[in-house]
Amino acid sequence: MGRVYECRRRLVALVLLVASAAAVAADYPLIGSSAPDFALRAFTGYNVRLSEHRGEVVVLAFWSSACSTCGSELAAINRSYSTYRTAGLAVFGISVEDSRRHAREFARVHRVGFQMLDDPAEEVSRLFDVDSLPMVVLIDRNGTIRDMHHDFGSQDEARYRAELRRLLDE
Amino acid sequence: MKLSTFRALLIGASILCGALPARAAPTAPAAAPPAATAPSTEAAPSTAAAPPSPAAAPSSEAASPATVPSAPATAPAGQAPGAAPQVPSAADTRALDEEAQSLKKDVVDLNRDLYVLEEELLYPANTQVAVFVSMDVGSFFGLDSVELKIDRKEVANYLYTPREVDALMKGGVQKIYIGNLKTGSHELVAFFTGKGPNDRDYKRGASIKFDKSIGAHYLELKINDRQHRLQPEFEIKDWGE
């Protein structure tokens with residue numbers, strides 16, 4: 001009985017620890033600050049400057065071909081983008097990839113409606129403090145970083161949608 | 001998962017595993033940890049040494065009803081019951097609005113003065129060099145980027161978005177670089193990349209040697225169409241001081 005109880009206690013403690021770890025992930029130093037401006041070349045050939053999208057809700061999705069969940073995350077974001085693009089949503093996928101060839105191939109395979117940007121020097125990744133992938137940064141209409149997400153699970157698409165709706169309604 | 005998160009998880013797990021064997025096996029489900037972090041205002045003395053028991057959780061709940069009545073007590077303070085709320089008159093609102101507008105104008109003026117002061121301090125006129133980009137027509141060249149080198153040192157590298165190219169084609173002039181140079185002879189080299197005639201990748205360079213004397217020096221990178229050759233033309237114009 002005591003052994004079962006101890007096991008249960010350990011389980012509860014582990015759940016609490018995982019919850020606290022999630023809270024640590026939400027502790028992103030750039031939240032609340034103005035998003036740093038950048039200009040990057042898109043795989044389609046056009047250049048994109050973040051400051052030109054002031055007034056829109058901007059989603060920056062950092063990805064790499066080596067990341068296993070990046071593809072499903074980009075697909076989920078693409079679904080939200082096709083729904084809310086007319087409401088003022090701008091999405092940019094930013095490659096964090098050493099090999100440009102791999103990045104191009106990944107962008108070709110994971111066809112999305114938004115622009116995929118190439119960050120060969122990884123300057124933008126450093127600006128946004130990208131430390132693990134996938135990573136999504138949400139920027140509001142005033143250019144302020146409002147939220148950041150790591151990882152991607154089956155429940156996250158609904159969560160992203162809810163957050164995007166909240167930002168778009170502001 | 002973030003490295004710091006993983007590390008926190010490991011530390012937490014190691015503390016948990018290290019602490020458990022040392023602790024006596026619980027005999028009753030009174031020492032469950034979920035309320036461990038909840039600060040209790042009426043914590044039992046035993047909670048200081050042992051993990052907080054669920055008894056501490058109701059204590060915080062018990063404390064909350066004591067604080068709740070204080071909120072409605074303060075809300076109607078200063079207003080007699082039954083008295084009509086004071087509605088500001090239209091004149092008051094207008095005066096307040098004018099005052100706000102005046103303050104806003106003062107802030108804008110102050111911001112402008114500060115910008116001018118900053119420019120004067122950062123780039124004093126005797127060392128200032130400014131480079132501008134302009135475009136005339138541009139049907140033979142789709143501008144993508146400009147790289148600027150002064151005395152073989154890269155000072156600017158600018159990517160142009162379609163919106164910026166449109167603005168340049170409509171007559172806009174962009175200040176691509178402002179910096180300080182000592183008096184004497186200098187060389188400016190500019191590389192233009194983009195799409196040339198027949199949508200082919202195009203990269204061209206232009207250079208100029210100029211003498212910087214006392215006073216601000218202005219240079220202009222001009223992109224023109226040379227109609228008779230059906231090619232773009234890149235020119236650097238020295239506006240001097």
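The values are calculated or read from the model by the stated rules, or taken from the named source; none is laboratory data. None of these values were measured; they are calculated from a predicted model. Here Cβ is always computed from backbone atoms with ideal geometry, including for glycine, and neighbour counts include all displayed protein chains.
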Fill in the blank from the handout: Residues in region A:75-98 that are β-branched (Val, Ile, Thr) and touching a strand residue (DSSP E or B) at 6+ places or on another chain (Cβ under 8 Å) total 4
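State yes or no: is B:Val137 surrounded by fewer than 16 Cβ atoms within 10 Å (Cβ to Cβ), over 19 Å from A:Arg49 (Cα atoms) and more than 14 Å from chain A (Cβ to nearest Cβ)?
yes
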Practice task
Only residues in region B:144-167 that are within 11 Å of chain A (Cβ to nearest Cβ) and in contact (Cβ under 8 Å) with a residue 12 or more places away in the chain count as the first member; pair them with residues that are small (Gly, Ala, Ser) and in a loop (DSSP other than H, G, I, E, B), Cβ under 8 angstrom, at least 6 apart or cross-chain, and list the lot.
Solution key: B:Val165/B:Gly138
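Can you go through A:Phe92, A:Phe62 and tell me which one is modelled with pLDDT of 90 or more, within 14 Å of chain B (Cβ to nearest Cβ) and within 21 Å of A:Gly153 (Cβ to Cβ)?
Just one listed residue meets the conditions, A:Phe62.
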Handout entry: region B:194-218: number of residues that are surrounded by 12 or more Cβ atoms within 10 Å (Cβ to Cβ) and in contact with a Gly (Cβ under 9 Å, 6 or more places away or on another chain)
Key = 11
Completion exercise
Out of (1) hydrophobic (A, V, I, L, M, F, W, C); (2) touching a Ser or Thr at 6+ places or on another chain (Cβ under 6 Å); (3) buried (at least 18 other Cβ atoms within 10 Å of the Cβ), the one B:Leu188 does not meet is (2)
Practice task
Could you check, for region A:93-110, whether at least one of its residues is aliphatic (A, V, I, L, M), under 15 Å from A:Phe43 (Cα atoms) and surrounded by fewer than 18 Cβ atoms within 10 Å (Cβ to Cβ)?
Solution key: yes
Practice task
Give A:Leu138, A:Leu133, A:Leu117 a once-over and let me know the one that is surrounded by 14 or more Cβ atoms within 10 Å (Cβ to Cβ), part of a strand (DSSP E or B) and within 12 Å of another protein chain (Cβ to nearest Cβ).
Solution key: A:Leu117
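Every residue, every condition in (1) part of a strand (DSSP E or B); (2) out of contact with any Ser or Thr (no Cβ under 9 Å at 6 or more places or on another chain); (3) surrounded by fewer than 18 Cβ atoms within 10 Å (Cβ to Cβ), yes or no:
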position: B:Val116; (1), (2), (3): no, yes, yes
position: B:Asn126; (1), (2), (3): no, no, yes
position: B:Asp144; (1), (2), (3): yes, no, no
position: B:Glu154; (1), (2), (3): yes, yes, yes
position: B:Phe192; (1), (2), (3): yes, no, no
Practice task
Please find, within region B:156-179, the residue that is nearest to B:Tyr123 (Cα to Cα) out of those that are in a strand (DSSP E or B) and either in contact with a Pro (Cβ under 6 Å, 6 or more places away or on another chain) or small (Gly, Ala, Ser) (or both).
Solution key: B:Gly179
Completion exercise
Of the residues in region A:28-55, those that are more than 7 Å from every other protein chain (Cβ to nearest Cβ), under 22 Å from B:Asp199 (Cα atoms) and either among the polar types (S, T, N, Q) or part of a loop (DSSP other than H, G, I, E, B) (or both) come to A:Phe43, A:Thr44, A:Gly45
Exercise for the section: Can you confirm whether region A:85-108 contains a residue that is touching a Gly at 6+ places or on another chain (Cβ under 6 Å) and not charged (D, E, K, R)? Expected result: no
